[in-house]
Structures are given as C-alpha cells and as structure tokens.
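The values are calculated or read from the model by the stated rules, or taken from the named source; none is laboratory data. All figures in this text were calculated on a predicted structure; none of them were measured in a lab. Ideal geometry is used to build each Cβ from the backbone, glycine not excepted, and the neighbour counts take in all protein chains shown. In case anyone asks, the SASA skips ligands and DNA or RNA and just uses the protein heavy atoms, side chains included. Shrake-Rupley method; radii C 1.70, N 1.55, O 1.52, S 1.80 Å.
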Amino acid sequence: MKKIISLVLCVTLGSFVLSGCSDKGEPFEKKSYTPDTQIKEINLDVRDGEIEVSLSEDEQVHIEYSENRKEYYDISVSNENVLTMTSASNKQWSDYIGGKPSVGERKILLQIPNALLDNLTLSTTNEDISLPALAVSGSVSIFANGGNITFGNLEVKNSLTLTVKNGDISGAVVGNYDDFSIQTAIKKGESNLPSNKDDGEKTLNVSCNNGNINIEFVKE
C-alpha cells in the first residue's frame, strides 16, 4: 500500500512540475534590424525557424524576427560587410518542456536588394525556406533539414547549392541547361535533373534525402 501511495504522489508531483514548466513560457517580442551599411553578403544559420525572403524596395537589407531572453539571435556585420545571423539560447532543461513557440514567433522575414548581393547563404531546421525571383552576383547556398526549399526565377553568376533532408526542392534557375555543370544526389525521392553533367561555366549542386527535386531552367 505504501508503494502505491508513493507512486501516486510521484505521478502527481511530476504532473504538477510539467504543467508549471509549460505554463511559464516567456512571451516573444517582435523586432527588426536594418544595418547602417551596404551589405555584400548574408549568412543566416538558424534553428526551427521559417525563412521567407522578399525583395527590398529601398536597396537595403531588413530583417524582421521575434525573440525573448531564452531564445534569441546573434546578429553582426563584419568589416567586409558580411551580415551574419545565428540562433542563440540560454534555455535550461526545464524550458524545453511544453512545446515549441508558434510558427509566427519562429518566422524570419528577410528583405534583400535585387542583384546587389555577392553571396547568400541560408540554413534552417524543421521549417521551410522560400525565395522570390532574384539575382545574386556570386553564389547562393541553401540548406533545410526538415523543410522545403522553394524559389522563383533565381539567377546566379557562379554557383547554386541546394540541400534538403526530409523535404522537397522546387523552383526555376535563370539560364540555359548547357550553362551549368550539375551534380545531383537524391535518396528516397524523384528528380528531373541528371545525376552528373560536367560541362558548364556555372555550377548547380543539388542534394535531397527523402524528398523530390523539380528544377526548371528559364530564360532571363
């Protein structure tokens, strides 16, 4: 009988602790960031956040996001005008109980000028990355683990690298098929690209694990 009573008390106490942890979540505050210099390169490496890219109307970079004291972002600009944004956290083990913040609180809105960036690198987990039709004077690299990559007519001068785990890749690349050397790796999915094509001045590297690849080539 004592063992049964002890077990009931432990279960009750555990339920109380879990309930208390899940109810004390700190609210998120919406924020925005605009660098005071002309950005040449962007590197976003975040966790559990959807990245939605749109074109800037004033040829400046703007970022809208949400954070609190437990989950926030480190944003910096180097002397070479490279903007970096990474996820940061000082959460304790009990802060992970009670689920993740809502999708809206984890969404990052990135506005960039068209054809003024040298390089663009985007990476996230468990969410999607979407881009409009845009041009970059150098290279673009996009990685999503547990989400989809979608993009409009994307123009690069050097290389385009797209990597997805547990998601799909779909969009259009500006240029002729013959302009690109292509390397494709796909596992548990379908692709409309060849696995290997050596000739081409530009490079297209696409990797997809447990998802499909559908990329078209369009005229400028």
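For this structure, a couple of remarks:
- Restricting attention to the range 115-126, the residues being open to solvent by less than 40 Å² (accessible area, probe 1.4 Å) and either modelled with pLDDT under 95 or not in a strand (DSSP E or B) (or both) number 1.
- For the range 127-137, the set of residues classified as in a strand (DSSP E or B) and either within 11 Å of the chain's Cα centre (by Cα) or among the aromatic types (Phe, Trp, Tyr) (or both) consists of 129, 130, 131, listed by residue number.
- Neighbours by Cβ (under 7 Å, 6+ apart or cross-chain): first from the range 208-220, farther than 14 Å from residue 193 by Cα and modelled with pLDDT of 95 or more; second in a loop (DSSP other than H, G, I, E, B) and not polar (S, T, N, Q): 209/188; 210/188; 210/189
- Extreme residue, surrounded by the fewest Cβ atoms within 10 Å (Cβ to Cβ), among residues of the range 22-59 that are among the small types (Gly, Ala, Ser) and more than 20 Å from the chain's Cα centre (by Cα): 22
- Scanning the range 60-114 for residues that are under 24 Å from residue 136 (Cα atoms), open to solvent by less than 50 Å² (accessible area, probe 1.4 Å) and either modelled with pLDDT under 95 or not in a strand (DSSP E or B) (or both) returns 61, 78, 81, 113.
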